[in-house]
Amino acid sequence: MTSTAIEGLTQTRDSINVDDLVEATHHVSLDEQIEYLVRNRQDISITRSRNRPTDLTGTDEEGLAFLPESSKRRMVADGVDISHGYPEVPGRSEIPVYVDQAHAIRDHDMPFTERALNADPQKKALLGAAEEVHNLTANIGTEITGLQLVDLTDEQKDELALLVAERGVVFFRNQKLPPKTQRDLGEYWGNLEVHPQTPHVPGLPGESVIWVDYWRKHGMNINFKNCNYGNFDVVRYGSVGNQVWHTDLVHERQPAGITHLHLDAIPEVGGDTIWASGYAAYDKLSEEMKKFLDGKKAVYVSAHSYLDRDDPFGGRKKVERVHPMVRTIPATGWKTLFVNRGMTKRIVGLTPVESDVILNYLFDVYERNADIQVRFNWKSDPGYGTSAIWDNRSTQHRTIWDHEGRISRHGTRVTSLAEIPYFDPDSRSQREALGLPITKEE
Ligand SMILES: [Fe+2]
């Protein structure tokens, strides 16, 4: 018996008795029955994130009604058809229900070209064309003015990839960036990530919509009090919005490399984002701790949850993937500390108690050392948007929800998936490679 047979029974359920239904479904495996229900009942909240509604699919007319005017203008100018609604939410027939289905997505080798390796180390084509290049802090974050991303040559794109790998995150204000161009840039830098659940710009899968106000309209409970609970205990309180320190898409076999968020609706005050450097976090550790962590592996989980086919009533499960905790970034050859509070679950080989103690310390290294962070306010001139392009391999980030949704914040994100994470025992830390002192004694 197939889901079609179930459909026949449910459609005529008024005319059959329960015993017949039980008898008929007896021949259908439990996981198939549940999958059928999830795919066909909008009111079943299983596979989406805890704080997000489930009853959305297709293009959303209601969303279009409160899409900020600046975002609307950007879409229309690029020929994006928003006449049927905004954003576009993947249909229920397409989303994974079981964790094995989600795990199977991109669970194969994807060729990846590290564009930064083609770049002139001096980056003359990029930096020479800029009006100003300004490091926002010593350890992370650079702002470039006087360049439009839409005009970059391939040579400049290669050099930008190298600059992003070196500086963690690079900012461009006052941009006119069509969504399609943003997606093309992402495809140049790696394998375009198309998320099975996240809403995207209509007709442009991979051009993900970052719009907390949208989820609030649909029931996400985020407020002044709870927006940072996850930074105290993410296991108990979860992540509401994007306030918990995290790295995107670490559950992928080939996780995110360059990620490009473009905000086209920016709060007058607030709505900043903070990034922290994984190179510097690694260099904050003692030599003994570095030795302990080099070569260790950890389990990384997805942001979204699914069901376990073998234990469908056992609660929601996340996709899990094992990666090295210290990874070497091919673009720079430097070692980075690849853990984050939101998505690193446990260290392989340690007891849960040992793992929690060490991971919590490592999260603190990232989160408490203000000298390895940059906080960025997205403000652009009226009519323009701002882009942040960062290396998800060697940084963490979080947003700040201090605007509390009073003024809309909307953006589009494109993620270029990179290499399978690896640890090269011969690679060096950033400060070793640059010849910078690490302790007073040295
Ligand atoms: Fe993120």
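Some observations on this one:
- Set GLY58, GLY91, GLY85: member being surrounded by fewer than 20 Cβ atoms within 10 Å (Cβ to Cβ), in contact with a Ser or Thr (Cβ under 8 Å, 6 or more places away or on another chain) and within 30 Å of VAL301 (Cα to Cα): GLY91
- Boolean, GLY314 is in contact with a helix residue (DSSP H, G or I) (Cβ under 8 Å, 6 or more places away or on another chain) and in a loop (DSSP other than H, G, I, E, B): no
- Pairing residues of segment 22-44 that are under 16 Å from TYR306 (Cα atoms) and not assigned by TED's automatic domain parsing to the domain that holds VAL97 with residues that are loosely packed, with under 12 Cβ neighbours inside 10 Å and charged (D, E, K, R), at Cβ distances under 9 Å and at least 6 apart in sequence or on separate chains, gives ASP31/ASP310.
- So VAL235, is it in a helix (DSSP H, G or I) and of a type outside the set (Asp, Glu): yes
- Count of segment 92-132 residues, restricted to those that are modelled with pLDDT of 95 or more and in a strand (DSSP E or B), is 1.
- Of residues in segment 287-306 being touching a residue at least 40 places away in the same chain (Cβ under 8 Å) and of a type in the set (Lys, Arg), the one farthest from ILE34 (Cα to Cα): LYS290
- Yes/no for ARG428 being more than 15 Å from the ligand (Cβ to nearest atom), touching a Pro at 6+ places or on another chain (Cβ under 9 Å), in contact (Cβ under 8 Å) with a residue 12 or more places away in the chain and in the same structural domain as ARG74 (by TED's automatic domain parsing): no
Yes/no per residue for (1) aliphatic (A, V, I, L, M); (2) away from the ligand (no atom under 15 Å from the Cβ):
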site	(1), (2)
GLU193	no, no
TYR214	no, yes
GLY219	no, yes
PHE232	no, yes
TRP245	no, no
ASP248	no, no
ILE258	yes, no
VAL269	yes, yes
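- Considering segment 149-194, the residues that are in a loop (DSSP other than H, G, I, E, B) and touching a residue at least 40 places away in the same chain (Cβ under 8 Å) include one that is surrounded by the most Cβ atoms within 10 Å (Cβ to Cβ), namely GLY168.
- Identity of the residue in segment 305-328, crowded, with 22+ Cβ neighbours inside 10 Å and at pLDDT below 95, that ends up nearest to LEU30 (Cα to Cα): LEU307
- Exclusive hit being within 16 Å of the ligand (Cβ to nearest atom), touching a residue at least 40 places away in the same chain (Cβ under 8 Å), of a type in the set (Lys, Arg) and part of a loop (DSSP other than H, G, I, E, B), set ARG341, ARG309, ARG253: ARG341
The values are calculated or read from the model by the stated rules, or taken from the named source; none is laboratory data. Fair warning: this is a prediction, and the values are worked out from it, not measured in the lab. Because the Cβ atoms are built from the backbone with ideal geometry, glycine has one as well, and the counts that use them run over all protein chains shown.
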